[in-house]
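Below you'll find the structure, written out as structure tokens, and then a few comments.
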């Protein structure tokens, strides 16, 4: 049941204190300003418009979003404003296309959703841009190219075909400028390799291969070959009744083309080295934190399940997200994380209600800043959290249309410690599952249910 | 007792989630089904351990009562023997009401009262452990796990 607006205000006043930036107390050295919001304003959200993936490309010039309807919308940074610090986070629609359509598996009588689970950009090799997009079963490689010239002056064809007997002289066709047209064309379709639902794709640093992971297997593909893939990890037990663990996220190392990690539903991360064996069922390193027996409950397994795993840009660290926390691991030490940030510990006392309304199964993503100093993740009530590793500070911000004045500074929100949070004050319909950080600048993209918010760091 | 009630409630909610997940778009989600089954297992273990504790308490009470009765009826035993012989000869014609009840009085039923009574049935030709059939295997494995946890379940998870 959605609380009324009066109730929301009441609970927010009681349980959350808004700290004014002018009061002088800063939770982070960065201040964030609103830049843009994309999407419909309507309160009633069509399910197809729910944003399911957000990803910057390698330069940050392009920002791709995927939705539940199988569409991809690509935004481009305004080239005229790139050099203007105040307006550098202005993104305009560049291309929109239907990536995946709903399909039906007749053999298994199962519908295959068109929802875009993940988008990953390829490093740019030429004038065109390439990205991989995946739904539950099929991965596609898309080429996004610009056309701003077209040839004119054909001898036989300039509109309708000419009678060749009427041609007295020949001319060389020339390219003439035209209005910019952005075309998206599917170059490769990688299908029929996953029996279970694909949860991750990751491009290798060798720029030739990529991995796709489902609940029980990880496959290695070559970008040019669609007819076959190599299975490199298989955790399917001989007897499915013995199944205790599934793969939830996987990623290649950013620099080492032979290294990959995958997280599991048990909260364990395994690092595999493809040089050791063709099949990486046996991990090279395992990352697991001992369970706290005192906090054990019915839902301990659910909240320890890894929902996202991301390497830092340097490759030295990796970050994992489970339901209540973000953990930073040094890949050289698997006994415990080097840092743990509590995202929404106040939910621990309400796990039963969150189980009832299915919110406990939400999969939150996380991301690194370009310099690996700050990590970011989303939460409920359209809050998103940033944790500054250097200053050991954290900040909670809200993505709301009420704070939509251009260049307005976001005021940090503070959850009062000591109050017991009622589940009624947590709006589970407003959640931020997907966030992305510009690789080279402090520009972030935060996806609420059907809106995409873009914020930029206020330069001092 | 609160834990027992909570465990029962979570079991019921989990079963309904598993049932609903079979009809959701995109097919059964293995990850989610696994997590729900783990919750069910935890709730089941707590429920059964609570039931076992109650049974143990009841047995202790019953055995104490029986010991008391045995002491009282020890003197009347020789008088009863001819009646027992008659009962043996005429056993087939005994009225059901005269038979000794099979259940101990006050024994808590092993079957949770919120579950239906019929066993789930499999369609002919269906193999429970066929690993080649992917989602159905996942589904059957979850159903099997559920069935082992709660044998009388067919109405909630009917045969497929």
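The values are calculated or read from the model by the stated rules, or taken from the named source; none is laboratory data. Since the structure is predicted, the reported quantities are computational estimates derived from the model, not experimental observations. Please note: Cβ atoms are built from the backbone with ideal geometry, for glycine as well, and neighbour counts cover all protein chains shown.
Here are the numbers for this structure:
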item	result
Matching entry among A:460, A:414 (being assigned to a strand (DSSP E or B) and modelled with pLDDT under 90)	A:414
All positions within the stretch B:23-39 that are closer than 24 Å to residue A:194 by Cβ and touching a helix residue (DSSP H, G or I) at 6+ places or on another chain (Cβ under 7 Å)	B:27, B:28, B:29, B:30, B:32, B:33, B:35, B:36, B:37, B:38
Qualifying residue in the stretch A:381-391 (condition: at positive phi, touching a residue at least 12 places away in the same chain (Cβ under 8 Å) and buried (at least 17 other Cβ atoms within 10 Å of the Cβ))	yes
Qualifying residues in the stretch A:243-260 (those that are touching a residue at least 60 places away in the same chain (Cβ under 8 Å), away from chain B (no Cβ under 12 Å) and under 12 Å from residue A:211 (Cα atoms)) - the one surrounded by the fewest Cβ atoms within 10 Å (Cβ to Cβ)	A:253
So residue A:218, is it in contact (Cβ under 8 Å) with a residue 12 or more places away in the chain, away from chain B (no Cβ under 14 Å) and under 21 Å from the mean Cα position of the chain (by Cα)	yes
In the stretch A:340-360, residue modelled with the lowest pLDDT [restricted to those that are assigned to a loop (DSSP other than H, G, I, E, B) and buried (at least 16 other Cβ atoms within 10 Å of the Cβ)]	A:344
Scope the stretch A:143-162; condition outside any strand (DSSP E or B) and either closer than 30 Å to residue A:130 by Cα or at pLDDT below 75 (or both); matching residues	A:158, A:159, A:160, A:162
Strands (runs of 3 or more DSSP E) (entirely within the stretch A:53-113) containing at least 1 residues that are touching a residue at least 12 places away in the same chain (Cβ under 8 Å), over 30 Å from residue A:459 (Cβ atoms) and within 17 Å of the chain's Cα centre (by Cα)	A:62-67, A:71-77
Members of the stretch A:221-242 found to be away from every other protein chain (no Cβ under 14 Å) and either over 16 Å from residue A:283 (Cα atoms) or free of Cβ contacts under 8 Å to residues at least 12 places away in the same chain (or both), listed by number	A:221, A:222, A:223, A:224, A:225, A:226, A:227, A:228, A:229, A:230
Residue A:126 more than 26 Å from residue A:200 (Cβ to Cβ) and in a strand (DSSP E or B)	no
Those residues of the stretch A:363-407 which are assigned to a loop (DSSP other than H, G, I, E, B) and either in contact with a helix residue (DSSP H, G or I) (Cβ under 7 Å, 6 or more places away or on another chain) or within 17 Å of residue A:30 (Cβ to Cβ) (or both), in sequence order	A:369, A:370, A:371, A:372, A:373, A:389, A:390, A:391, A:392, A:399, A:407
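Per-residue answers, yes or no, for (1) at pLDDT below 90; (2) within 12 Å of chain A (Cβ to nearest Cβ):
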position: B:14; (1), (2): no, yes
position: B:18; (1), (2): no, no
position: B:29; (1), (2): no, yes
position: B:39; (1), (2): no, yes
position: B:73; (1), (2): yes, no
position: B:94; (1), (2): yes, no
position: B:103; (1), (2): yes, no
position: B:106; (1), (2): yes, no
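Residue by residue, here is whether (1) in a loop (DSSP other than H, G, I, E, B); (2) away from chain B (no Cβ under 14 Å) holds:
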{"residue": "A:272", "(1), (2)": "no, yes"}
{"residue": "A:277", "(1), (2)": "yes, yes"}
{"residue": "A:294", "(1), (2)": "no, yes"}
{"residue": "A:303", "(1), (2)": "no, no"}
{"residue": "A:318", "(1), (2)": "no, yes"}
{"residue": "A:329", "(1), (2)": "no, yes"}
